[in-house]
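First comes the structure, then the notes that go with it.
The values are calculated or read from the model by the stated rules, or taken from the named source; none is laboratory data. The structure displayed is predicted, hence computed values, not measured ones. We place every Cβ from the backbone using ideal geometry, glycine too, and count neighbours over all the protein chains shown. The protein model used for the area step is the full one, side chains on, heavy atoms only, and it has no ligands, DNA or RNA in it. Shrake-Rupley method; radii C 1.70, N 1.55, O 1.52, S 1.80 Å.
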Amino acid sequence: MISAFGFRDCLRKKPEVYNPNSSTSNMTQLVWLVTGCSSGFGEAFVHSILARGDKIIATARNVSKLDSLGANGAQILQLDITASQEQLDSCMKDALAIYGHIDVLVNNAGYTELGTLEEMMHDRWLAQLGTNLFGTINVTRSLMPHFREKKSGVVVFIGSMAGWKGDAVAGAYCSSKAALEIVVESFQAETESLGIKSLIVEPGMFRTALLSANNIKSVDNKFQEYKTLSDAVIGGAKGYSGQQQGDPYKAVEVIIDIVKQEGKAAGKGIPAKLPLGADAVAVMRKKCTDVLKLLDDWEEISSSTGFSLGT
Ligand SMILES: NC(=O)c1ccc[n+]([C@@H]2O[C@H](COP(=O)([O-])OP(=O)(O)OC[C@H]3O[C@@H](n4cnc5c(N)ncnc54)[C@H](OP(=O)(O)O)[C@@H]3O)[C@@H](O)[C@H]2O)c1
């Protein structure tokens, strides 16, 4: 089974399904804010959301890349998700002034950094988690007062099947998505009684610019012992750009169907997690069966560490 970066397989249980929430099931025209709209999933979201008749505030750190989306009807805002909390709050204030409210936040912006634990220095680890994890958390924090006040809203997090298994040379990226996974579980437990719905999407490999030479980052190989592995993973990832099986437009249509409770998703509610792509389904299923086997194999020993009765 191929995993996110080509070598091994992967993980956990079938996602739970929430009941539909009245605040999402009856909405017809939604206002979306999507991060990272200059390419890939973000760009696809803009086209698909507009085609559905909804409104979108498309954001990017370099808005000159969004000119054609603006010409098609998207509202454009500059947003680097690594900006300070004050800057993010100010950006969300501007965003809310456009239509008076926002119904759906899509935390999409992110990038991939490859390198072994030993060869990737602390600043690069911080940058990877600073964007994929902390940037996502901070953007969400900026919109939460609005969602809490109106007691509704949907937050879509773009995770990854890479968050379900640590691949060699991809620890920084995988850990950013794995941490996001747990952050979202906690967030869901904190907000389910507030009328706010959220979903973490776990895409497999989709044909976006993620692995393109311009967007992917990697550290130089330093130690001979890692060279073969590093060359294979980094070269493999770059070489795979443009070959990915997944169609990003089909992916965003599924996500929009879920949020709007339309099409095949009608009446199914918003799941806590959504694997997207047959590869993601396989990786997540394998993780689950591997963990179940581990529990079966070790349960007796693992469960033997309590105080004896009466002591
Ligand atoms: N494609 C896949 O196979 C796949 C699989 C699993 C998960 N994902 C996730 O899907 C999300 C979207 O990626 P993609 O596949 O669509 O790749 P992409 O085409 O490279 O798009 C990534 C977007 O994120 C933006 N971005 C990066 N850092 C940012 C920052 N600090 N502030 C604002 N925007 C920033 C990029 O903007 P610039 O143009 O300014 O760089 C770009 O618009 C990412 O979170 C990625 O991890 C992708």
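Solvent exposure of segment 34-86, expressed per residue, is 42 Å² of accessible area, with all protein chains present and a 1.4 angstrom probe.
Report in % the part of the accessible area of segment 47-165 that belongs to carbon and sulfur, leaving out ligands and nucleic acids; probe 1.4 Å. Show your work: numbers first, answer last.
On the way: 2610 of 4980 Å².
Result for segment 47-165: 52 percent of the exposed heavy-atom area is carbon or sulfur.
Placing unit charges on the Cβ atoms of the charged side chains and taking the dipole of segment 207-282 about its Cα centre, the candidate lying farthest along the positive direction among Pro271, Gly235, Gln224 is Pro271.
Per residue of the chain, the DSSP helices (runs of n ≥ 4 H) give a summed -39500 (n - 2.57) that works out to -14000 deg cm²/dmol at 222 nm. Could you work out what % of the accessible surface of segment 173-311 is carbon and sulfur, using a 1.4 angstrom probe and leaving DNA, RNA and ligands out of the count? Result for segment 173-311: 56 percent of the exposed heavy-atom area is carbon or sulfur. Number of Lys-Lys pairs in segment 16-165 with C-alpha atoms under 24 Å apart and a separation of 8 or more places or on different chains: 7.
Full-extension gain between Glu149 and Ser302, please, as 0.36 nm times their residue separation minus the C-alpha to C-alpha distance. Kindly include the intermediate steps, with their values, before the conclusion.
Details: separation 153, 0.36 × 153 = 55.08 nm, distance 4.52 nm.
Fully extending the segment from Glu149 to Ser302 adds 50.6 nm.
Loop-located GluC sites (Glu not before Pro) in segment 226-301 (DSSP state other than H, G, I, E, B) with a sparse environment of at most 16 neighbouring Cβ atoms within 10 Å: Glu262.
Against the empirical 2.2 N^0.38 Å scaling, what ratio does the C-alpha Rg of the chain come to?
Values: Rg = 20.2 Å, N = 311, 2.2 N^0.38 = 19.5 Å.
After normalising by residue count via 2.2 N^0.38 Å, the value is 1.04.
With charges only on Cβ, +1 for K and R and -1 for D and E, what is the dipole size of segment 36-132 about its Cα centre, in debye, rounded to 20?
Working: 6 positive and 12 negative charges, 77 e Å.
Result for segment 36-132 is approximately 380 debye, rounded to the nearest 20.
Accessible surface computed residue by residue for segment 91-216, with neighbouring protein chains in place and a 1.4 Å probe, gives 36 Å² per residue.
Where the only charges are on Cβ atoms (+1 Lys, Arg; -1 Asp, Glu), what is the dipole of the chain about its Cα centre, to the nearest 20 debye? Numbers along the way, then the final one.
On the way: 31 positive and 34 negative charges, 129 e Å.
My answer is approximately 620 debye.
Within the shell of other residues whose beta carbon sits under 14 angstrom from the beta carbon of Gln29, the net charge comes to 0, with Lys and Arg scored +1 and Asp and Glu -1. For segment 219-299, the set of chymotrypsin sites (Phe, Trp or Tyr not before Pro) satisfying both a DSSP loop assignment and a count of at most 15 other C-beta atoms within 10 Å is given as Phe223.
Using a Förster distance of 41 Å, how high is the FRET efficiency between Lys217 and Ala266, based on the Cβ-Cβ distance and rounded to 0.05?
Efficiency for this residue pair is about 0.55.
Between Asp67 and Thr311, what length comes free when the chain is fully extended (0.36 nm per residue of separation minus the Cα-Cα distance, one decimal in nm)?
On the way: separation 244, 0.36 × 244 = 87.84 nm, distance 7.14 nm.
Stretched out fully, the Asp67 to Thr311 stretch lengthens by 80.7 nm.
Only Cα sites of segment 70-168 enter the Debye sum here, all with the same form factor; the resulting log10 I(q)/I(0) across q = 0.12, 0.21, 0.25 1/Å is -0.49, -1.13, -1.41, listed in q order.
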